[in-house]
Amino acid sequence: MKGRQIVTDKIMAIQNGRLSLSRITYHTDLQQASGLIIPLGVIAEMTLGTWRALGLIARTTLSIDEANALGRMIRERLTSPFEFLKQEFDWAFAETESGEALGALANRFSESLSFATPTSRVVKKVLPTGPSAADAILSELRKARDDEFYLMLAEYEDGKSGIACEDTTRLAA
């Protein structure tokens with residue numbers, strides 16, 4: 001049987017998993033629906049088979065007007081959103097089980113600083129074997145995370161928060 005390959009050697013299993021995204025915002029006035037909402041970032045979690053990946057994208061700084069709108073108790077920490085959120089990201093990765101990070105963050109912050117209830121979708125993917133599997137997972141996670149981040153910024157720039165266009169696009173991490 002020279003030149004023949006056994007077909008079963010080339011079959012890869014379909015991996016089932018979940019991709020979850022959570023927008024991170026700051027609400028300047030919890031008593032009025034018309035209060036300024038400042039978009040900060042997006043965190044994503046993907047579980048696929050035995051793999052787990054977390055990803056964060058956030059603004060590096062806020063405009064002067066946004067910083068002035070923050071509550072006094074959190075202003076110093078949130079003027080550099082990425083640095084603050086990176087600490088929360090590290091906590092979530094270290095302290096939560098696979099698939100639970102975004103829910104834990106949403107429960108951890110329930111007032112002005114808001115990690116929105118995660119939106120999730122089922123993911124089915126055929127993964128290559130070895131380290132290239134991680135690359136495939138991270139690529140999909142990054143695309144979904146970044147798309148959600150830029151969509152959030154566009155929605156807020158479209159009049160929901162009054163943030164000037166150049167402020168958010170220039171400051172995105």
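The values are calculated or read from the model by the stated rules, or taken from the named source; none is laboratory data. All values derive from a computational prediction rather than experimental measurement. When we count neighbours, we look across all protein chains shown, and the Cβ atoms used for this are built from the backbone with ideal geometry, even at glycine. Heads up: the accessible areas ignore ligands, DNA and RNA and are worked out on the full protein's heavy atoms, side chains in. Shrake-Rupley method; radii C 1.70, N 1.55, O 1.52, S 1.80 Å.
Over region 1-150, the hull volume per residue, using the convex hull of the C-alpha atoms, is 125 Å³. Between GLN31 and ALA67, the distance separating the two model label sites (each 7 Å from Cα on the Cα→Cβ line) works out to 2.7 nm. Annotation note: GluC sites (Glu not before Pro) in region 63-112 located in DSSP loop regions with a Cβ neighbour count of at most 11 within 10 Å are GLU97, GLU111. Rolling a 1.4 Å probe over the heavy atoms of the protein chains gives region 28-80 an accessible area of 51 Å² per residue.
Accessible area per residue was computed with a 1.4 Å probe on protein heavy atoms; THR117 scores about 110 Å².
Using Cα-only point scatterers and the Debye equation, what is log10 of I(q)/I(0) for region 70-119 at each q in 0.14, 0.21, 0.23, 0.29 Å⁻¹, rounded to two decimals? Log10 of I(q)/I(0), two decimals: -0.37, -0.79, -0.91, -1.18. Applying the Karplus relation 6.51 cos²θ - 1.76 cosθ + 1.60 with θ = phi - 60° to region 86-96 yields 3J(HN,Hα) values of 4, 5, 5, 4, 4, 4, 4, 5, 7, 10, 10 Hz, where x marks Gly and Pro.
Compared with the alpha-carbon gap, the fully stretched path from PHE109 to ASP146 is longer by 11.1 nm at 0.36 nm per residue.
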